[in-house]
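Participant: First, the structure itself, so that you have it in front of you.
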Amino acid sequence: MTAPQPIPARPRGKRRTEILDAAATLFAARGFHGVSIEEIGAAVGISGPALYRHFTGKQALLTEMLLDISERLRTSGAERVTAATTPQEALDSLVTGHIDFSLTHPALITVHDRELGNVPEPSRRRIRRLQRLYVEEWVTVLTELHPSCPTTHLRAATHAVLGLLNSTPHSATELPPHTMAPLLRHQAHAALAAVNTH
């Protein structure tokens, strides 16, 4: 079986990607309100006013950041499930993909947890819908593996495991990714196997 690939970046200009990455790092470190447009621009070597050629403002930048990663996770999850030949393979692929995301983008996890409330409500609803669809990919696979387990139980277990995997801003600070990844994988599969004990 071919190894699952990391969540692909969406095509966009290199400068735009640099701005989003720099903003995620700054927002994670100092909060949305603690970072100015000028500081984001300086982080990528452009002036604050020049940044407005790429984004209409700081809120628009945050909105695209969180919409983009939510869309990418949902799309990647669906592709992984579709490509798998068995439910267990699909689950393995979902776990691997999310671990790759969580180890590669801890700043995005922090920003989402703290700053989603600063996204305009229509976009916030869209982000939450994309996240629900992503969770349902996991629930569908788990239902095939544990058909006698209530869906509500499987959904709760999925949220718990995603919380575990999204702990990397705190849990992965002392271990390198090649050590942290198998640890997270073992913990995730152990937690999901425990749904049989309900």
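The values are calculated or read from the model by the stated rules, or taken from the named source; none is laboratory data. Here the structure is a predicted model, which means the values were calculated and not measured. Positions of Cβ are backbone-derived with ideal geometry, glycine not excepted, and every protein chain shown enters the neighbour counts. These accessible areas exclude ligands, DNA and RNA; they are computed on the full protein's heavy atoms, side chains included. Shrake-Rupley method; radii C 1.70, N 1.55, O 1.52, S 1.80 Å.
Participant: Could you list, in sequence order, the residues of segment 42-73 that are farther than 14 Å from Gly13 by Cβ and among the β-branched types (Val, Ile, Thr)?
Facilitator: Once the filter is applied, which keeps residues that are farther than 14 Å from Gly13 by Cβ and among the β-branched types (Val, Ile, Thr), segment 42-73 yields Thr56, Thr63, Ile69.
Participant: Here is a follow-up. Can you spot a residue in segment 15-25 that is in contact (Cβ under 8 Å) with a residue 40 or more places away in the chain, more than 30 Å from Ala188 (Cβ to Cβ) and in a helix (DSSP H, G or I)?
Facilitator: The first filter runs over segment 15-25 and keeps only residues in contact (Cβ under 8 Å) with a residue 40 or more places away in the chain, leaving 19-20, 23-25.
Among the residues that remain, those that are also more than 30 Å from Ala188 (Cβ to Cβ) are: 19.
After this cut, where a residue has to be in a helix (DSSP H, G or I) as well, the list is 19.
Looking through segment 15-25, at least one residue is in contact (Cβ under 8 Å) with a residue 40 or more places away in the chain, more than 30 Å from Ala188 (Cβ to Cβ) and in a helix (DSSP H, G or I).
Participant: Cβ-Cβ below 8 Å, separation at least six or inter-chain, first residue in segment 85-105 and more than 13 Å from His189 (Cα to Cα) and of a type outside the set (S, T, N, Q), second open to solvent by 40 Å² or more (accessible area, probe 1.4 Å) and at pLDDT below 95: which pairs?
Facilitator: Qualifying pairs under 8 Å: Gly97/Pro4; Gly97/Pro6; Asp100/Pro4; Asp100/Pro6; Phe101/Pro6; Leu103/Pro177.
Participant: I would also like to ask the following. Answer yes or no: is there a residue in segment 138-150 that is modelled with pLDDT of 95 or more and under 30 Å from Ile19 (Cα atoms).
Facilitator: Looking for residues that are modelled with pLDDT of 95 or more and under 30 Å from Ile19 (Cα atoms), one finds none in segment 138-150, hence no.
Participant: For segment 36-45, name all the residues that are among the hydrophobic types (A, V, I, L, M, F, W, C) and open to solvent by less than 20 Å² (accessible area, probe 1.4 Å). I'd like the intermediate steps shown before the answer.
Facilitator: In the first step, residues of segment 36-45 are kept if they are among the hydrophobic types (A, V, I, L, M, F, W, C); the result is 37, 40, 42-44.
Correct list: Ile37, Ile40.
Residue by residue, here is whether (1) modelled with pLDDT of 95 or more; (2) closer than 24 Å to His98 by Cα; (3) surrounded by fewer than 20 Cβ atoms within 10 Å (Cβ to Cβ) holds:
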{"residue": "Pro8", "(1), (2), (3)": "no, yes, yes"}
{"residue": "Arg12", "(1), (2), (3)": "no, yes, yes"}
{"residue": "Thr17", "(1), (2), (3)": "no, yes, yes"}
{"residue": "Gly34", "(1), (2), (3)": "yes, no, yes"}
{"residue": "Ser47", "(1), (2), (3)": "no, no, yes"}
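Participant: Look at Arg72 and say whether it is assigned to a helix (DSSP H, G or I), open to solvent by 10 Å² or more (accessible area, probe 1.4 Å), out of contact with any Asp or Glu (no Cβ under 7 Å at 6 or more places or on another chain) and over 21 Å from Val119 (Cβ atoms). Show your work before the answer.
Facilitator: On the way: assigned to a helix (DSSP H, G or I): yes; open to solvent by 10 Å² or more (accessible area, probe 1.4 Å): yes; out of contact with any Asp or Glu (no Cβ under 7 Å at 6 or more places or on another chain): yes; over 21 Å from Val119 (Cβ atoms): no.
When the stated conditions are applied, Arg72 does not pass them.
Participant: A further question on this structure: Where residues in segment 49-67 are part of a helix (DSSP H, G or I), crowded, with 17+ Cβ neighbours inside 10 Å and not β-branched (Val, Ile, Thr), which of them is modelled with the lowest pLDDT? Before you say what the answer is, go through the steps one by one.
Facilitator: Of segment 49-67, the ones part of a helix (DSSP H, G or I) are 49-51, 58-67.
The next check asks that each one be crowded, with 17+ Cβ neighbours inside 10 Å; those that pass are 51, 58, 61-66.
Retained after the next criterion (residues that are not β-branched (Val, Ile, Thr)): 51, 58, 61-62, 64-66.
Numbers: Leu51: 90, Lys58: 94, Leu61: 96, Leu62: 97, Glu64: 96, Met65: 96, Leu66: 97.
Checked segment 49-67; the qualifying residue modelled with the lowest pLDDT is Leu51.
Participant: Restricting attention to segment 28-44, does a residue exist that is closer than 19 Å to Pro120 by Cα, assigned to a helix (DSSP H, G or I), among the β-branched types (Val, Ile, Thr) and in contact with a Gly (Cβ under 6 Å, 6 or more places away or on another chain)?
Facilitator: Scanning segment 28-44 turns up at least one residue that is closer than 19 Å to Pro120 by Cα, assigned to a helix (DSSP H, G or I), among the β-branched types (Val, Ile, Thr) and in contact with a Gly (Cβ under 6 Å, 6 or more places away or on another chain).
Participant: With segment 103-179 as the region, which helices (runs of 4 or more DSSP H) entirely inside it contain at least 2 residues that are closer than 18 Å to Asp68 by Cβ, open to solvent by less than 60 Å² (accessible area, probe 1.4 Å) and not small (Gly, Ala, Ser)?
Facilitator: On the way: elements: 106-115, 121-145, 151-165, 168-171.
By residue number, 106-115, 121-145.
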